[in-house]
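The values are calculated or read from the model by the stated rules, or taken from the named source; none is laboratory data. Keep in mind it's a predicted model, so treat the numbers as computed, not measured. All Cβ positions, even for glycine, are placed from backbone atoms using ideal geometry, and neighbour counts span all protein chains on display. Each accessible area value is taken on the protein alone, full model and side chains, heavy atoms only, with ligands, DNA and RNA left out. Shrake-Rupley method; radii C 1.70, N 1.55, O 1.52, S 1.80 Å.
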Amino acid sequence: MSRLIGIVGVPPLAIIEKINRDGDRIVDLDEPQVRAPIDQTAAYIPRVYCAILRTVLLNSLHLPLEHVYIDVGPGKCDCALHVAGILADLLHVPVTPTRNQDTRSFGYPLCTSRMPLMEKVSRITKGVQSAAPHAPIPPCQPSCGFWGVPPRDFALLDLFPETTHVFGWTRCMENKTPADLELEHVVDPSIPMVFFSQSFCAKSALAKRLADRHPRAIAVDCDVTPSSSTRAKIEAFLELSGIVPGRKTRTP
């Protein structure tokens with residue numbers, strides 16, 4: 001009988017391969033999986049932790065997990081290390097900290113494909129659950145770029161056209177090398193780019209630094225859900241860059 005295994009971040013490929021061989025089911029604890037107020041985590045984790053790690057704890061409190069693998073190395077963040085300790089205290093199942101130092105490149109065809117950005121990022125995050133290589137997808141000519149981590153609220157991604165190329169940690173995620181800082185630094189100066197981070201995330205500093213050096217960029221962050229002002233800021237930036245927001249854009 002399959003077990004429900006929770007993962008946080010991108011555990012090493014060897015662990016994903018083992019879970020796949022055992023026939024167990026994987027649930028991504030970084031993504032909202034339960035309908036419950038995120039404030040339920042306030043008794044255990046500071047509110048100034050990013051919404052992703054607060055979501056990890058919220059999911060763990062409600063799901064029938066039988067094991068949790070949490071990346072606490074450079075491919076995730078130091079805060080995850082402390083969350084691993086909190087999970088170990090609260091849960092009656094094994095909580096295994098991991099440090100993903102994998103260097104084998106799997107490529108990132110989804111990041112450069114033509115596809116609604118919400119679907120694209122959803123498929124990238126889902127791909128972490130398998131050790132299989134990616135299927136080839138032809139690249140598209142980019143109209144803009146999205147750099148950063150997958151947002152907690154994927155609705156934010158509907159603001160972007162299908163011809164958006166993905167950069168940052170999300171690209172590292174598809175490449176199955178979450179600690180590849182060199183790849184995380186890759187940007188495209190020829191297209192307008194939105195640099196996104198979750199509020200209270202250490203990657204906010206890198207997002208701002210890269211955005212400041214880019215000729216056409218904006219850095220934004222949001223906590224649990226994007227505010228109307230955050231959405232308006234992105235929409236205005238895309239419009240001023242000559243890009244029609246959302247899925248209406250059809251750049252060849």
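Key figures
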item: Residue pairs meeting the criteria (Cβ under 7 Å; at least 6 apart or on separate chains; first in contact (Cβ under 8 Å) with a residue 24 or more places away in the chain and open to solvent by 30 Å² or more (accessible area, probe 1.4 Å), in the stretch 109-133; second in a loop (DSSP other than H, G, I, E, B) and of a type in the set (D, E, K, R)); result: R114/E162
item: Residue identified as more than 15 Å from the chain's Cα centre (by Cα), in contact (Cβ under 8 Å) with a residue 24 or more places away in the chain and over 15 Å from V10 (Cβ atoms) among H62, H82; result: H62
item: Candidates V220, V224 - the one that is under 24 Å from A36 (Cβ atoms) and not assigned by the TED database to the domain that holds C79; result: V224
item: Residues of the stretch 112-168 satisfying the condition of being among the β-branched types (V, I, T), part of a loop (DSSP other than H, G, I, E, B) and under 12 Å from the mean Cα position of the chain (by Cα); result: V128, V149
item: V244, sole failed condition from (1) surrounded by fewer than 18 Cβ atoms within 10 Å (Cβ to Cβ); (2) without any contact (Cβ under 8 Å) to a residue 40 or more places away in the chain; (3) farther than 14 Å from T112 by Cα; result: (2)
item: Positions within the stretch 90-108 being surrounded by 20 or more Cβ atoms within 10 Å (Cβ to Cβ) and among the hydroxyl-bearing types (S, T, Y), in sequence order; result: T98, Y108
item: Matching option when the condition is closer than 29 Å to V48 by Cα and part of a strand (DSSP E or B), among F200, F195; result: F195
item: Filter pass, L57 being of a type in the set (A, V, I, L, M) and under 20 Å from the mean Cα position of the chain (by Cα); result: yes
item: Pairs where the first residue, in the stretch 185-206, is under 15 Å from D78 (Cα atoms) and open to solvent by 30 Å² or more (accessible area, probe 1.4 Å) and the second is of a type in the set (F, W, Y) and at pLDDT below 95, C-beta under 8 Å, 6+ apart; result: F200/Y49
item: First in the stretch 23-50 and farther than 26 Å from S204 by Cα and surrounded by fewer than 17 Cβ atoms within 10 Å (Cβ to Cβ), second anywhere and among the polar types (S, T, N, Q) and modelled with pLDDT under 95, Cβ under 7 Å, 6 or more apart; result: G23/S2; D24/S2; R25/S2
item: Some residue of the stretch 162-184 being of a type in the set (D, E), under 23 Å from P74 (Cβ atoms), in contact (Cβ under 8 Å) with a residue 60 or more places away in the chain and open to solvent by 20 Å² or more (accessible area, probe 1.4 Å); result: yes
item: Residue in the stretch 134-150 that is in contact with a helix residue (DSSP H, G or I) (Cβ under 8 Å, 6 or more places away or on another chain), at pLDDT below 95 and open to solvent by 20 Å² or more (accessible area, probe 1.4 Å) present; result: yes
